[in-house]
């Protein structure tokens, strides 16, 4: 196990709600991208709810703000 890990936080302001047609391409690939990350060498942890989803987690009042946290 390495001595150190890298924690990465991404905060995004979406151009539309996640279920809007404008966000469809992004939303449709979330599971695929998360599976790639989970299987990647060096991956330790990512923020997610009990279903494996992080898009429903809200840390800001604005519903268009998404947050992603991962540890590598």
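Brief remarks on what is shown
- Restricting attention to the range 28-38, the residues being surrounded by 10 or more Cβ atoms within 10 Å (Cβ to Cβ) and either farther than 13 Å from residue 70 by Cβ or touching a residue at least 40 places away in the same chain (Cβ under 8 Å) (or both) number 4.
- Restricting attention to the range 39-55 and to residues that are modelled with pLDDT under 95 and more than 16 Å from residue 10 (Cβ to Cβ), the residue that is surrounded by the fewest Cβ atoms within 10 Å (Cβ to Cβ) turns out to be 50.
- Condition met for residue 60 (over 23 Å from residue 15 (Cβ atoms), exposed (fewer than 14 other Cβ atoms within 10 Å of the Cβ) and either touching a residue at least 60 places away in the same chain (Cβ under 8 Å) or over 13 Å from the mean Cα position of the chain (by Cα) (or both)): no
- For the range 8-19, the count of residues that are loosely packed, with under 13 Cβ neighbours inside 10 Å, in a loop (DSSP other than H, G, I, E, B), in contact with a strand residue (DSSP E or B) (Cβ under 9 Å, 6 or more places away or on another chain) and modelled with pLDDT of 95 or more is zero.
The values are calculated or read from the model by the stated rules, or taken from the named source; none is laboratory data. Please read all numbers here as calculations on a predicted model, not as lab measurements. Cβ coordinates were reconstructed from backbone atoms using ideal geometry, including for glycine residues, and neighbour counts include every protein chain displayed.
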